[in-house]
1. For segment 91-122, which residues satisfy the criterion of being without any contact (Cβ under 8 Å) to a residue 40 or more places away in the chain, in a helix (DSSP H, G or I) and not hydroxyl-bearing (S, T, Y)?
2. Return only the number of the condition from (1) closer than 28 Å to M369 by Cβ; (2) at pLDDT 95 or above; (3) touching a helix residue (DSSP H, G or I) at 6+ places or on another chain (Cβ under 6 Å); (4) among the hydrophobic types (A, V, I, L, M, F, W, C) that L136 does not satisfy.
3. Take segment 157-197 and flag every residue that is in contact with a strand residue (DSSP E or B) (Cβ under 7 Å, 6 or more places away or on another chain) and assigned to a loop (DSSP other than H, G, I, E, B).
4. Any idea which residue in segment 199-224 is farthest from I125 (Cα to Cα), counting only those that are out of contact with any strand residue (DSSP E or B) (no Cβ under 8 Å at 6 or more places or on another chain) and surrounded by 21 or more Cβ atoms within 10 Å (Cβ to Cβ)?
5. Given the conditions (1) without any contact (Cβ under 8 Å) to a residue 40 or more places away in the chain; (2) within 27 Å of I66 (Cβ to Cβ), which single one is not true for G280?
6. Regarding L26, is this residue free of Cβ contacts under 8 Å to residues at least 60 places away in the same chain and under 27 Å from Y185 (Cα atoms)?
7. Given the structure, is G280 farther than 10 Å from A388 by Cβ and among the small types (G, A, S)?
Amino acid sequence: MDYSLAKMIEYAIAFLALYITVFFLLVFLSKRDEMTKVPKLREGWEPTISVVIPAYNEADAVGKCIESVATADYPQGKLEIIVVDDGSPDDTYEVAQSYAKKYPNVKVFRKENEGNAAYTKNYGIGKAGGEIIATLDADSYIEKDTIRRMLPHFESDDVVAVTAAVKVDRPQNFLEKLQQVEYLYTIFSRRVLVFLDSVQVTPGPFSMFRHWVFKKIGGFDPTNILEDQEIAMRIQQYNYKIRSSLDANVYTEVPPGFWGLLKQRTRWHRGGLKNAAKYGNLIGPKYGDLGMIVMPLGLIAVVAIFAIIFINIYYYATRPAYPMMMGLDALWMGIGPIHVIGAVIFILTLVWTFYGIRVMKGEKVAPLMVLAYLFSYAYLITLFWVSAILKEVRGEKLKW
C-alpha cells in the first residue's frame, strides 16, 4: 500500500463521517419542531400494565426499583408488578417479598437460574396479564410520571414498543460522568431515529411493549447476548414501529470503573455483531430508511474504524519521524484538507451534543465533560471494538 492509496482510504472515511453527520443533522433540522412534541393520548385509554422486573443478586437495589413503580402516578388497580428472582444467592427474593406484603399489586416469583435475563423476562411475561408489558431492570428506577409520559407514544396500532429516556443514576467519578454525557447523547439521537423508523434497541432499564407482540413474534431470545437489541430488530423485521420518549426518565447504574466498562461494552459490541449478522436481511428497500441508510451506514462505520487503525499503524511504521526532526513546525506542515473536514465534523457534533442536552431540561452537565466525551469517545469505542473482535477471533464464550 502506497501513500496515495492510504490517502484515498483516509478521504473516503472522512467523507463517510461527514456524510453521516450532515445527514442526521438535516433529519433533525427537518423535524426539529416535532422533537419535543408528544402525541395526544387516545381519549379514555388507560390500559392495564404489567411491569416485569428480572432480578439476580440485586438485594441492595430491587427495593428502590419496586417502590418507584408501586408509587408511580398510575392507578394501582391497573398496575401489576411482577418480580422474578433468578435464583439469587443473596437476599433479593426476601427483599422483594417484603414489598409484596406492603403493596397488594406486587407479585414475586422465584425460578432456577438459567444464565441470562431473557429467560427471566420471558418467565415474567408468561405470568403477566396487562395490555402493556414493561420490562424494568432491578438496578434501575422510574420517576412518578414515567409511565404516563410513555403511553401517548403508542399513537397507532403498529407502534408496538416505546423506549424511555435512560439516564445515569447519580454519577460521581469521571468515568460515570462521561457515561452520563453518552447516555444523554444517545437519548437525543434515538429520538431522531424515530423519524426514520430506525430505532434498533429497546433498552433493558425500561421499555414498554404491547402484550400481543410477544405472541406474534415470540419473546426475548435467550440465546442472544444482547436480547434488548435483538427483539427490537425482530420488531423491525415484522415492520412494526418503535417510538422513543425524551422525557420519560429511568435512572440506571453504570460501571464505575474502566474494567467493568470494558467488559460491559465488549459484551454489547459482540452482541451487536451477532445481531447485525442475524438481521442482515433488513438491509434493502423493503425496510425503508432503516434498510437503505441506517443499517448500511452502521456497518460501513464499523469497517471504517478498523481502516483508521490500520492506516495509522501504516503511517507510523513507514513515515519518517518528522515531529522528532522538526519539532512544532511539523504540526503545521501536516495540516491538510483531511484535518479541516475533521474539524467541521467535530464542531457539528459538539453543537449537536450541547443542543441535545439542552433539550432535555434539568440535566446538569459541565461543558468540560462534553468536550472530554467528544475527545475520548472515538478512542474508547475503537478500544471496545478491538476487544470485541479479538474475543470473537479467539472464539471466547459469550458471557452475561
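The values are calculated or read from the model by the stated rules, or taken from the named source; none is laboratory data. Everything quoted here is computed from the prediction, not taken from an experiment. FYI the Cβ positions are ideal-geometry reconstructions off the backbone, even for glycines, and counts take in every protein chain you see.
1. Going through segment 91-122, the residues without any contact (Cβ under 8 Å) to a residue 40 or more places away in the chain turn out to be 91, 93-95, 97-105, 107-112.
This time we only want the ones that are in a helix (DSSP H, G or I), so: 93-95, 97-102.
Within segment 91-122, E94, V95, Q97, A100, K101, K102 qualify.
2. All conditions are met except number (3).
3. D158, D169, D197
4. Q200
5. All conditions pass for G280, except number (2).
6. Details: free of Cβ contacts under 8 Å to residues at least 60 places away in the same chain: yes; under 27 Å from Y185 (Cα atoms): yes.
Judged against the criteria, L26 is a match.
7. Values: farther than 10 Å from A388 by Cβ: yes; among the small types (G, A, S): yes.
So G280 fits the description; yes.
The rows are residues; the columns are (1) surrounded by fewer than 21 Cβ atoms within 10 Å (Cβ to Cβ); (2) within 20 Å of M360 (Cβ to Cβ); (3) in contact with a Leu (Cβ under 7 Å, 6 or more places away or on another chain); (4) in contact (Cβ under 8 Å) with a residue 60 or more places away in the chain.
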| site | (1), (2), (3), (4) |
| --- | --- |
| S156 | yes, no, no, yes |
| A164 | no, yes, no, yes |
| V168 | yes, yes, no, yes |
| N173 | yes, no, no, yes |
| I187 | no, yes, yes, yes |
